[in-house]
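These notes are about the structure you will find just below.
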Amino acid sequence: MNVLLLLTLLLVLLIFLVGGKNGLYTILGLFANVLLFFLLLLLYHFRLPVLPSAVGIFLLITCVTLFFVNGYNLKMKAAFVSVVFFLVVFLFVTPLLSELAIQGFTRIELDELTGFDLHVSLDFLALTRAILLISVSGAVLDASVSIASATYEVYLANPLQTYRELVRSSLRIGRKILATTVTTLVFAFMGNCLALILWFIDLELSFGQLINEKTFVLEYVTVMITTSAAILVLPITSVISSFFFTRQEKSS
């Protein structure tokens, strides 16, 4: 049996064993999100605006992951609002990346693309922001769902607690998962770039050359922004979800 097919079947089996009935929605949601990614490529093929297209796909992925996979409920509404708030912050902050000049092809990619026409009619700065947005989507959704769900369980345990008390409890939960979130993302970067780093060491690049190598800087910026996004969304979700849950108690 093909190894790729075997690994895919193993993944599906584990999802069903752990997720139960919800595993089916997880599989369908994953498939839908992959289709949305290919839709993004299709939009770029037809020369639609780069960043607005990525924002639209990001919001669709968010809706599929939150509402289709996890159900349309108060927890997911709070997580959705938190993700949208993060998106606004992201769009305001990422224009600063133009100062790093990481847009466009890297030196390694240019070597591989020798002989091809490199005059691509794309805004590479906007494309870099779009790549970063899609890259952070998984970490942001994971953090927002984790905090919203945990905050809701705390709220159910004591529905009479005030908004401030619930926020403090939610922030304490966020601090507990902060270390594992950061470690997961940083080591994912280190593992992904291990071969690249070893190659740079073999080339005997100086530290100054290393931090000015676009390939390394792009990977480094990606992991820093992804990690920062996951950290930022923790308190945002704590505040917003606590507001949603305590407001529900008051309205009822």
### Query
Quick check: anything in the stretch 62-76 buried (at least 17 other Cβ atoms within 10 Å of the Cβ), more than 24 Å from THR128 (Cβ to Cβ), among the hydrophobic types (A, V, I, L, M, F, W, C) and touching a Leu at 6+ places or on another chain (Cβ under 6 Å)?
yes
### Query
Restricting attention to the stretch 159-212, which residues are under 21 Å from VAL239 (Cα atoms), more than 22 Å from the chain's Cα centre (by Cα), assigned to a helix (DSSP H, G or I) and not charged (D, E, K, R)?
TYR163, LEU166, VAL167, SER169
### Task
Kindly establish whether VAL223 is farther than 19 Å from SER135 by Cβ, part of a helix (DSSP H, G or I) and among the aliphatic types (A, V, I, L, M).
no
## Note on the structure
Among the residues of the stretch 1-28, the number that are under 16 Å from GLY71 (Cβ atoms) and either assigned to a helix (DSSP H, G or I) or open to solvent by 80 Å² or more (accessible area, probe 1.4 Å) (or both) is 9
### Message
If the requirement is being in a helix (DSSP H, G or I), of a type outside the set (S, T, N, Q) and surrounded by 14 or more Cβ atoms within 10 Å (Cβ to Cβ), which of these qualifies: LEU156, LEU218?
### Response
LEU218
### Query
Where residues in the stretch 142-185 are without any contact (Cβ under 8 Å) to a residue 24 or more places away in the chain and in contact with a helix residue (DSSP H, G or I) (Cβ under 7 Å, 6 or more places away or on another chain), which of them is nearest to ARG247 (Cα to Cα)?
VAL154
### Message
Anything in the stretch 36-61 that is open to solvent by 50 Å² or more (accessible area, probe 1.4 Å) and over 25 Å from PHE85 (Cα atoms)? List them, or say none.
### Response
PHE38, LEU41, LEU42, HIS45, PHE46, ARG47
### Message
Being under 13 Å from the mean Cα position of the chain (by Cα), in a helix (DSSP H, G or I), buried (at least 21 other Cβ atoms within 10 Å of the Cβ) and at pLDDT below 90: is that true of LEU141 here?
### Response
no
### Message
When the residues of the stretch 1-45 are narrowed to those that are in contact (Cβ under 8 Å) with a residue 60 or more places away in the chain and hydrophobic (A, V, I, L, M, F, W, C), which ends up nearest to ALA126 (Cα to Cα)?
### Response
LEU40
### Query
Of the residues ALA195, ALA188, which single one is more than 28 Å from ALA143 (Cβ to Cβ), small (Gly, Ala, Ser), open to solvent by 50 Å² or more (accessible area, probe 1.4 Å) and without any contact (Cβ under 8 Å) to a residue 60 or more places away in the chain?
ALA195
### Task
For GLY115, indicate whether it is of a type outside the set (A, V, I, L, M) and modelled with pLDDT under 85.
yes
### Query
Could you list, in sequence order, the residues of the stretch 3-45 that are in contact with a helix residue (DSSP H, G or I) (Cβ under 6 Å, 6 or more places away or on another chain) and farther than 22 Å from ASP142 by Cβ?
LEU43
### Message
Anything in the stretch 218-243 that is at pLDDT below 90 and either charged (D, E, K, R) or farther than 22 Å from THR180 by Cβ (or both)? List them, or say none.
### Response
LEU218, GLU219, VAL221
## Note on the structure
When every residue in the stretch 159-171 that is among the polar types (S, T, N, Q) and open to solvent by less than 50 Å² (accessible area, probe 1.4 Å) is compared, the one farthest from SER82 (Cα to Cα) is GLN161
### Query
Restricting attention to the stretch 172-185, and to residues there that are surrounded by 14 or more Cβ atoms within 10 Å (Cβ to Cβ) and hydrophobic (A, V, I, L, M, F, W, C), which single residue is farthest from SER137 (Cα to Cα)?
ILE173
### Query
Would you say PHE200 is out of contact with any strand residue (DSSP E or B) (no Cβ under 9 Å at 6 or more places or on another chain), more than 27 Å from LEU74 (Cβ to Cβ), open to solvent by less than 10 Å² (accessible area, probe 1.4 Å) and modelled with pLDDT under 80?
yes
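The values are calculated or read from the model by the stated rules, or taken from the named source; none is laboratory data. Everything numeric here is computed off the predicted structure, so don't read it as measured data. Note: ideal-geometry Cβ built from the backbone for every residue, glycine included; neighbour counts use all protein chains shown. Quick note on the areas: whole protein, heavy atoms, side chains included, nothing else; ligands and nucleic acids left out. Shrake-Rupley method; radii C 1.70, N 1.55, O 1.52, S 1.80 Å.
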